[in-house]
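The values are calculated or read from the model by the stated rules, or taken from the named source; none is laboratory data. Values in this document were obtained by computation on a predicted structure and should not be read as measured data. Don't worry about glycine lacking a Cβ; one is built from the backbone with ideal geometry, like all the others, and counts go over all protein chains shown. Accessible surface areas use protein heavy atoms only, side chains included; no ligands, DNA or RNA. Shrake-Rupley method; radii C 1.70, N 1.55, O 1.52, S 1.80 Å.
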Amino acid sequence: MTKLDWDATYFRFASLGGGTTSSEWLYRKDRELNYFQGMAKLEMEYQNTLEKLAENLSVEIVSEGRKQPVVIVATVDSEKKYNLKLDYKDPSALEIRLLSLGMKNSYFGDEILIDKTIEEFQEHLKGLAS
């Protein structure tokens with residue numbers, strides 16, 4: 001198994017309605033965000049586990065008589081501190097995608113800055129896509 005060097009991980013789960021869901025998972029080391037490239041087994045194992053947890057959390061929230069969240073973002077840092085953010089209205093809220101950095105719906109706000117020129121960032125994204 002590949003050992004991952006990270007400061008924090010981010011998991012985003014969106015319930016788009018009609019039984020459709022989506023999820024994403026990435027990690028941060030220093031101020032660099034990365035997807036889990038070349039670690040398909042690790043990613044699938046944890047993503048499946050986290051999707052089930054997010055679904056169960058949604059069910060519990062509804063069972064308490066509250067509205068079901070549309071988006072759940074769970075973060076865990078390397079010191080095992082965690083945080084949950086919920087959005088009840090907008091399925092595009094709290095985006096963790098790299099392309100959302102600097103946009104109004106980004107989870108990170110100004111916490112993560114792009115330390116690269118636009119060209120370097122685009123090349124970085126192309127590398128992640130291949």
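What pairs come up if the first residue lies in segment 84-107 and is farther than 20 Å from residue 31 by Cα, the second is part of a loop (DSSP other than H, G, I, E, B) and open to solvent by 60 Å² or more (accessible area, probe 1.4 Å), and their beta carbons are under 9 Å apart, counting only those six or more places apart or on different chains? As it stands, the answer is 88/66; 88/67; 88/68, since those pairs meet every condition given. Is it the case that residue 55 is open to solvent by 50 Å² or more (accessible area, probe 1.4 Å) and farther than 19 Å from residue 22 by Cα? Answer is no for this residue. Of all the criteria given as (1) without any contact (Cβ under 8 Å) to a residue 24 or more places away in the chain; (2) open to solvent by less than 60 Å² (accessible area, probe 1.4 Å); (3) not in a strand (DSSP E or B), the one not satisfied by residue 49 is (2). Residues in segment 82-105 that are closer than 19 Å to residue 36 by Cβ, open to solvent by less than 70 Å² (accessible area, probe 1.4 Å) and not β-branched (Val, Ile, Thr): 4 in all. Across segment 1-21, the qualifying residues are those that are among the charged types (D, E, K, R) and at pLDDT 90 or above, and the one among them that is most open to solvent (accessible area, probe 1.4 Å) is 7. Just one residue in the set 77, 30 is closer than 30 Å to residue 123 by Cβ, exposed (fewer than 11 other Cβ atoms within 10 Å of the Cβ), touching a residue at least 12 places away in the same chain (Cβ under 8 Å) and not hydrophobic (A, V, I, L, M, F, W, C); that residue is 30.
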